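Everything below concerns the one structure shown next.
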Amino acid sequence: MDFLNQESRSEVEKMPNDPECAHAHIPPVDTPDWHLQDWLAHFEKRQASLVNELGWDKSRANFVYHGKQAYKRDLVNEISAWLGIEPYELLMPPADALQLRQLRQAAIAIAANAAPATPQPKTRKKSQNADS
C-alpha cells in the first residue's frame with residue numbers, strides 16, 4: 001500500500017516495519033500534576049474544609065479536590081495562602097516540599113557561617129612629621 005507525502009504529493013512507499021497507524025494513541029501517564037489531596041491530608045483537612053473555610057460551594061470543592069477542574073494561578077494562590085505554603089509546593093508532594101525547605105535552610109545556615117567577616121575600612125595614620 002502506498003501513501004502520499006503531504007509536502008510533495010508523490011507516492012511514498014510503506015516499509016514493512018512502519019506502524020499501521022501513523023498517529024498511534026499514546027495513553028496518558030496517570031500522574032497528578034498537583035498534590036492538593038496530599039497537602040490537605042498533611043494538614044489534616046478534608047474536602048469539606050474547602051467549603052467551610054474558603055467559602056466555596058460543594059460542586060467547586062468537589063471538582064478542585066478530584067482534579068476535574070484545571071488549576072490556574074488564582075486558584076493555586078488562594079489554596080496555597082490558605083494552607084500557608086508556597087504556590088509551587090502544591091505541585092509537589094508534601095514530603096518533597098518539606099525536604100526542599102530543609103535543604104534551603106541548611107544552605108542558608110552554611111552560607112551565613114562561611115561568609116567572611118566584613119573587612120573594616122583602613123584608616124590612614126597621620127605622620128608625626130605633619131604634626132610638628
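What the table below lists for this structure:
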{"quantity": "Residue within segment 98-119 that is surrounded by 14 or more Cβ atoms within 10 Å (Cβ to Cβ) and within 21 Å of the chain's Cα centre (by Cα) present", "calculated": "yes"}
{"quantity": "Residue satisfying condition, being under 25 Å from the mean Cα position of the chain (by Cα), at pLDDT below 95 and at positive phi, within set GLY84, GLY67", "calculated": "GLY67"}
{"quantity": "Test set (1) touching a helix residue (DSSP H, G or I) at 6+ places or on another chain (Cβ under 8 Å); (2) at pLDDT below 95 - LEU40 fails condition number", "calculated": "(2)"}
{"quantity": "Those residues of segment 62-111 which are basic (Lys, Arg) and either under 19 Å from ALA41 (Cα atoms) or not in a loop (DSSP other than H, G, I, E, B) (or both), in sequence order", "calculated": "LYS68, ARG73, ARG101, ARG104"}
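The values are calculated or read from the model by the stated rules, or taken from the named source; none is laboratory data. Predicted model, so just to flag it, every value in this text is computed and none were measured. Heads up, the Cβs are rebuilt from the backbone with ideal geometry, glycines too, and the neighbour counts pull from every protein chain shown.
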